[in-house]
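The values are calculated or read from the model by the stated rules, or taken from the named source; none is laboratory data. Quick caveat: nothing in here was measured; it's all calculated off a predicted structure. Cβ atoms come from the backbone with ideal geometry, glycine included; neighbour counts cover every protein chain shown. Side chains are part of the model used for accessible areas, which takes the heavy atoms of the whole protein and leaves out ligands, DNA and RNA. Shrake-Rupley method; radii C 1.70, N 1.55, O 1.52, S 1.80 Å.
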Amino acid sequence: MTDAVTLINLHKRYGSIAALNGVSLSVRRGEVLGLLGHNGAGKTTLMKLILGLASPSEGVVEVFEQSPCGKSGRTLRLNVGFLPENVAFYGQLTAREVLDYFARLKGVARAERDELLERVGLAGAADRRVKGFSKGMRQRLGLAQALLGRPRLLLFDEPTAGLDPLAIRDFYTLLDELRSTGTTVILSSHVLAGVEHHIDRAAILGSGRLLVIGNHEELGRRACLPFTIWVRGRFNGGDWKRLLEEKGARVRRVSETELELTCSAEAKLMIMRTLLDMEGLEDLEMEPPTLETVYAHFEKGNGHGREESSCATS
Ligand code: ATP
């Protein structure tokens, strides 16, 4: 099956500013791709090119094998939903009227409207004017608008910005549902904590270039970042410390009964085995490098130099 989105050597220049500089990547059908990058990295520009709202200075954009800028662009956009970074609606309209308006533009049956208002938690505010909506409520309405017509591809630009913790949780639940029904999703985010559980791969942009793309585990491995193992127990006497260090662990005693071990991805299994054989072990918990740490690694090192270096063994 062909990919949902294909970008080949994509450049977008605004005068002397290179917003995108030779980006090539593919988004598989049914995949949820997280687009990460610093302010001004080019995330919104990338989305605009996929939507056909801007045309590339150079390179190829294909969405479901068609150019979003070509003749088929309008039909294509009926299959694509977009939640912009700054959601703005005509304030005099009610939430229901806003969705009616967009439903008409998209040729979607109005029955879907109430279902969507319910789904994003706005059923109780359906007849209130949007001008009185909080930022989070506007964001929810934007989400409903993007979901109109059950698009095959969804682009969410900073969907969790301005949402409270419960609303963020609701958004991720919705994202998981979309993922389970095979919808392709690209979402950009600066809120990295927890996002790794809801995306298939992350693409990290830096100054208009694609620094790296892969799933959380692959990226952690490529960055050679250590795993952390938290251990609780009574470790008196014996040569447990030497044993663990021989297997490649760095051992730090946090308290009388707690240890913090760090080790490479390759060494972690051996170390876990050694721990499980240790007398006095009460509990342990392993933590892979978080997406935040992975992101910081590639952003700081600008990817390439660090990626090619081989991992230290401890
Ligand atoms: P943020 O995380 O802050 O939203 P971003 O990664 O979405 O940033 P873009 O909005 O894509 O970044 O911008 C990339 C670069 O292109 C920035 O330097 C920006 O100033 C520039 N840029 C984007 N749109 C335009 C435009 N219409 N005219 C001129 N420069 C633009």
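A few notes on this one:
- When the test is whether a residue is open to solvent by less than 60 Å² (accessible area, probe 1.4 Å) and at pLDDT 85 or above, V294 passes it.
- Flag for A103 being away from the ligand (no atom under 16 Å from the Cβ), of a type in the set (A, V, I, L, M, F, W, C) and open to solvent by 60 Å² or more (accessible area, probe 1.4 Å): no
- Screening V120 on (1) touching a strand residue (DSSP E or B) at 6+ places or on another chain (Cβ under 8 Å); (2) open to solvent by less than 30 Å² (accessible area, probe 1.4 Å) shows it passes everything except condition (1).
- Which numbered condition E285 fails, given (1) within 15 Å of L225 (Cβ to Cβ); (2) in a strand (DSSP E or B); (3) within 26 Å of the chain's Cα centre (by Cα): (1)
- Options L7, L36, L20, L46; residue that is within 8 Å of the ligand (Cβ to nearest atom), under 24 Å from N215 (Cβ atoms) and in contact with a helix residue (DSSP H, G or I) (Cβ under 8 Å, 6 or more places away or on another chain): L20
Results for (1) over 22 Å from T75 (Cα atoms); (2) in a loop (DSSP other than H, G, I, E, B); (3) open to solvent by 20 Å² or more (accessible area, probe 1.4 Å); (4) touching a Leu at 6+ places or on another chain (Cβ under 8 Å), shown as yes or no for each residue.
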site	(1), (2), (3), (4)
N9	yes, no, yes, no
A18	yes, no, yes, no
G22	yes, no, yes, yes
L25	yes, no, no, yes
G34	yes, no, no, yes
G40	yes, yes, yes, no
M47	no, no, no, yes
I50	no, no, no, yes
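- Subset of segment 219-256 [more than 36 Å from the chain's Cα centre (by Cα) and surrounded by 15 or more Cβ atoms within 10 Å (Cβ to Cβ)]: G233, F235, W240, L243
- Residue list for segment 182-194, filter: of a type outside the set (A, V, I, L, M) and open to solvent by 10 Å² or more (accessible area, probe 1.4 Å): G182, T183, H190, G194
- Filter result for the condition that a residue is at pLDDT below 90, surrounded by 14 or more Cβ atoms within 10 Å (Cβ to Cβ), more than 16 Å from the ligand (Cβ to nearest atom) and outside any loop (DSSP other than H, G, I, E, B), over R113, R138: R113
- Residue check: H197 meets all listed conditions (1) within 22 Å of P289 (Cβ to Cβ); (2) open to solvent by less than 60 Å² (accessible area, probe 1.4 Å); (3) free of Cβ contacts under 8 Å to residues at least 60 places away in the same chain but one, namely (2).
Residue-wise test of (1) of a type in the set (K, R); (2) within 16 Å of the ligand (Cβ to nearest atom); (3) crowded, with 21+ Cβ neighbours inside 10 Å.
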residue: L143; (1), (2), (3): no, no, yes
residue: A146; (1), (2), (3): no, no, yes
residue: R152; (1), (2), (3): yes, no, no
residue: L155; (1), (2), (3): no, yes, yes
residue: L163; (1), (2), (3): no, no, no
residue: L166; (1), (2), (3): no, no, no
residue: R169; (1), (2), (3): yes, no, no
residue: D176; (1), (2), (3): no, no, no
residue: S180; (1), (2), (3): no, no, no
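For every residue, the table says whether it meets (1) touching a Lys or Arg at 6+ places or on another chain (Cβ under 8 Å); (2) on the phi > 0 side of the Ramachandran plot; (3) not in a loop (DSSP other than H, G, I, E, B).
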| position | (1), (2), (3) |
| --- | --- |
| G59 | no, yes, yes |
| A103 | yes, no, yes |
| G124 | no, no, yes |
| P151 | no, no, no |
| F156 | no, no, yes |
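- Of the criteria (1) within 16 Å of the ligand (Cβ to nearest atom); (2) assigned to a helix (DSSP H, G or I), which one R96 fails: (1)
- When the helices (runs of 4 or more DSSP H) confined to segment 215-279 are screened for residues that are closer than 30 Å to I199 by Cα, those reaching at least 1 such residues are found at 216-222, 268-276.
- Of the criteria (1) near the ligand (Cβ under 10 Å from one of its atoms); (2) at pLDDT below 95, which one G52 fails: (1)
- Residue ID - most open to solvent (accessible area, probe 1.4 Å), chosen from residues in segment 55-91 that are within 16 Å of the ligand (Cβ to nearest atom), among the hydrophobic types (A, V, I, L, M, F, W, C) and within 21 Å of Q145 (Cα to Cα): A88
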